[in-house]
């Protein structure tokens, strides 16, 4: 019941019941849903778990030499009736797993980053990764192949941590639109940070469809602008354009963009 409520996708509801036995020379009584005293004083503790369709697990302790086929048959029949009764009560509360994992359920997610970005994600002395863990209350582990494992108890914090990791390790792509911050103004254009630690140049000719005399006529330091990656040369220098971004285009990546 708790697993279904938490959103764990189990195949079917499962319930269990403990069956007991009082055996005398001339009479036996099978008990359903025994208590601790009945287990202690009785002759059998027979646990039966299953779904509506059948048994999934059995476990038995007995204090007598053995059980007859008749006792086993009757015990299983009584256990089935009890199990179906419990499952019926459970279905009144919830009959299938919730479509989404509970926001409070522990979870683990993995993602792959480029191996040459591992150092950036860890940071000097582990500063970056420690900051992510402290800010979002998650655990982050990175292996040498670039597999990043993120675990935590809060869905929203997990999502924020993963988004931070993606932004720190993402590589710019030609043709992609980013939302970035103007970091520096020069006579010939503006330098825009499109990803953490990654910036490119919007040449003055790419600021607007109109003729631009001064870069500051269009942008100022600190402005948030949408830019398109036109080219990444062999040295890794990025050429950007603002005028190539049409009205209504949304950012594909960047500091405040959605993938």
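The values are calculated or read from the model by the stated rules, or taken from the named source; none is laboratory data. Predicted model only: the values in this text are computed from it and were never measured. Methodologically, a virtual Cβ is constructed for each residue, glycine included, from the backbone with ideal geometry; neighbour enumeration extends over all protein chains shown.
Here are some notes:
- Pairs where the first residue, in region 185-196, is free of Cβ contacts under 8 Å to residues at least 12 places away in the same chain and the second is in a strand (DSSP E or B), C-beta under 6 Å, 6+ apart: 191/183; 191/184; 191/199; 191/201
- Residue check, residue 155 under 22 Å from the mean Cα position of the chain (by Cα), free of Cβ contacts under 8 Å to residues at least 24 places away in the same chain and either surrounded by 14 or more Cβ atoms within 10 Å (Cβ to Cβ) or farther than 30 Å from residue 205 by Cα (or both): no
- Among the residues of region 100-136, those that are out of contact with any strand residue (DSSP E or B) (no Cβ under 9 Å at 6 or more places or on another chain) and either part of a strand (DSSP E or B) or closer than 21 Å to residue 6 by Cα (or both) comprise 100, 102, 103, 104, 105.
- For the residues 167, 102, 205, the requirement of being modelled with pLDDT under 90 and within 26 Å of residue 235 (Cα to Cα) singles out 167.
Yes/no per residue for (1) under 30 Å from residue 158 (Cα atoms); (2) free of Cβ contacts under 8 Å to residues at least 24 places away in the same chain; (3) under 28 Å from the mean Cα position of the chain (by Cα):
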position: 17; (1), (2), (3): no, no, no
position: 20; (1), (2), (3): no, no, no
position: 32; (1), (2), (3): no, no, no
position: 41; (1), (2), (3): no, yes, no
position: 79; (1), (2), (3): no, no, no
position: 86; (1), (2), (3): no, no, no
position: 90; (1), (2), (3): no, no, yes
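- Spans of strands (runs of 3 or more DSSP E) in region 137-210 with at least 1 residues under 16 Å from residue 117 (Cβ atoms): 139-142, 147-152, 189-195, 198-203
- If you check 15, 77 for being at pLDDT 95 or above and out of contact with any helix residue (DSSP H, G or I) (no Cβ under 7 Å at 6 or more places or on another chain), only one passes: 77.
- Restricting 116, 154 to those that are over 30 Å from residue 9 (Cα atoms), modelled with pLDDT under 90 and not assigned by TED's automatic domain parsing to the domain that holds residue 51 reduces the list to 116.
- Number of residues in region 11-44 that are within 30 Å of residue 104 (Cα to Cα) and loosely packed, with under 13 Cβ neighbours inside 10 Å: the value is 1.
- Within region 14-62, the residues that satisfy the criterion of being assigned to a loop (DSSP other than H, G, I, E, B), farther than 25 Å from residue 1 by Cα and out of contact with any strand residue (DSSP E or B) (no Cβ under 7 Å at 6 or more places or on another chain) are 24, 25, 26, 27.
- Of all the criteria given as (1) surrounded by 15 or more Cβ atoms within 10 Å (Cβ to Cβ); (2) in contact (Cβ under 8 Å) with a residue 40 or more places away in the chain; (3) at positive phi, the one not satisfied by residue 146 is (2).
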